[in-house]
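**Student:** Can you read through this structure? Questions will come right after.
Every number here is computed from the coordinates shown, using simple stated rules; none is lab data. None of the values given here were measured: they were computed from a predicted structure. Because the Cβ atoms are built from the backbone with ideal geometry, glycine has one as well, and the counts that use them run over all protein chains shown.
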Amino acid sequence: MHRAWRLHYDDAHQSLVNGFYQGWDLHPAQLPTRYAAVYAFFLTARPAATVRLRNFVEKAAQATLVGDVFDDAATGQGLLNFFVRGLSSGALTLEEAYETGLTKDELHGRSFLKILEARRR
């Protein structure tokens, strides 16, 4: 049983690392390991993702303000999605998400481009 849980935990964690947030658990016995993998993923990745998103928003807004073309919004959206999904799962708190420098409305808006447009004004 312990080997099966470990295997499922490792598989679920690896899927999260690779960007696959949707799980396909087939048995209720997999829920504890899914829960553990989701929380471990978000809690361990949060510090680096916080710094990356905060810097990304600041630099993107700055590039927009000086007229440069900002063409990597997909990375910003991916980082934003990390926090949106972490909040939705309960693994992250709003206080932890606020460390990115984003507001509650920006987080709930779920759009990196809208964040940049609003900050441009």
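**Student:** Charges at C-beta only: +1 for Lys and Arg, -1 for Asp and Glu. How large is the resulting dipole of the chain about its Cα centre, in Debye rounded to 20? Spell out each step's value before the answer.
**Tutor:** Details: 14 positive and 13 negative charges, 21 e Å.
Approximately 100 debye in magnitude.
**Student:** So, R0 is 35 Å and r is the distance between the beta-carbons of N18 and E95; what FRET efficiency does that work out to, to 0.05?
**Tutor:** Numbers: r = 28 Å, r/R0 = 0.80.
Calculated value: 0.80.
**Student:** Tell me what the chain gives for mean residue ellipticity at 222 nm when only DSSP H runs of n ≥ 4 count, each as -39,500 (n - 2.57), the sum divided by the residue total, rounded to 500 deg cm²/dmol.
**Tutor:** Working: 6 runs with 88 residues, N = 121.
Mean residue ellipticity, 222 nm, calculated: -23500 deg cm²/dmol.
**Student:** Something else about it: Where is the GNM fluctuation largest for the chain (alpha-carbon springs, 10 angstrom cutoff): F20, F83, F41?
**Tutor:** Maximum fluctuation in the GNM of the chain, among the listed residues, is at F20.
**Student:** Still on this model: What percent does the relative contact order of the chain come to when contacts are Cα pairs within less than 8 Å and at least six residues apart? If you can, show how the numbers build up before the last one.
**Tutor:** Details: 86 pairs, mean separation 30.6, N = 121.
Normalised by residue count, the contact order of the chain is 25 percent.
**Student:** Can you list the equivalent-ellipsoid semi-axes of the chain, largest first and in whole Å, using the square root of 5 times each Cα gyration tensor eigenvalue?
**Tutor:** Details: eigenvalues 217, 34, 25 Å².
Sorted largest first and rounded, they come to 33, 13, 11 Å.
**Student:** Relative to the longest principal Cα axis of the chain, at what angle does helix 73-89 sit, 0 to 90 degrees, rounded to 10?
**Tutor:** 50 degrees
**Student:** Tabulate in residue order the Karplus-calculated ³J(HN,Hα) for segment 54-59, using 6.51 cos²θ - 1.76 cosθ + 1.60 with θ = phi - 60°, rounded to whole Hz; enter x for Gly and Pro.
**Tutor:** Each residue of segment 54-59 in turn: 4, 5, 5, 5, 4, 6 Hz.
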